[in-house]
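Here is the structure we will look at, set down as structure tokens.
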């Protein structure tokens, strides 16, 4: 957008030696931490759909994000209908994007994007066309807060829908109280200035809780409605 069970492994070890038997032990392996985030999507102030994220945090520091969105808005008394769908998967480690796959349909404009970290870059394929982009891009799903080194300076953006590289300046606007899924929290506010302006808010755990943007003359807003583990 310009972003879902706990499993247990059980191992039994046993053997017979003469008349003795080693006791079977159940070993409970560590499971990934999984978080589900649900957002409401508003277009020009009207509820138009939903955006869902699942974030899986693994012990080795890898974060896997799956996201899907569906939006449908009627205009002009139902004479015009806007539709948007998105599905994507991201793999991150040490703050860098390792792999990315997405498909989207923006009112008839279809894109298929895939990316894979390779050497000092991110090898990208967009609708069958290949190129290499810088490895430290920030995807416009914005599921996590920005790298602090980009604060108040230029930030490299990669459009999650289209694979387009975007130029922008990231401005930190301080802390502001927001109602986040029914609780008031002090959230870090950011502005991204560029061809498409964004306003972003992240909670104390660096999770996206709200997004506002303007595109094609319409106001878009994402509002976090629930978090579930």
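Read-outs throughout are calculated quantities, based only on the coordinates presented, and are distinct from any laboratory measurement. Given the structure is predicted, the values throughout are model-derived calculations rather than measurements. All Cβ positions, glycine included, derive from the backbone under ideal geometry; neighbour counts span all protein chains shown.
Overview of values
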{"item": "Filter result (surrounded by 15 or more Cβ atoms within 10 Å (Cβ to Cβ) and either within 15 Å of residue 227 (Cα to Cα) or out of contact with any strand residue (DSSP E or B) (no Cβ under 6 Å at 6 or more places or on another chain) (or both)) within the stretch 59-80", "result": "65, 66, 67"}
{"item": "Test: residue in the stretch 204-211 that is closer than 17 Å to residue 36 by Cα, under 16 Å from the mean Cα position of the chain (by Cα) and not in a strand (DSSP E or B)", "result": "yes"}
{"item": "Selection status of residue 170, outside any loop (DSSP other than H, G, I, E, B), touching a helix residue (DSSP H, G or I) at 6+ places or on another chain (Cβ under 8 Å) and closer than 15 Å to residue 194 by Cβ", "result": "yes"}
{"item": "Condition broken by residue 152, with the remaining ones in (1) closer than 22 Å to residue 86 by Cα; (2) more than 20 Å from the chain's Cα centre (by Cα) satisfied", "result": "(1)"}
{"item": "Test result for residue 95, out of contact with any strand residue (DSSP E or B) (no Cβ under 8 Å at 6 or more places or on another chain) and either surrounded by fewer than 17 Cβ atoms within 10 Å (Cβ to Cβ) or closer than 21 Å to residue 210 by Cβ (or both)", "result": "yes"}
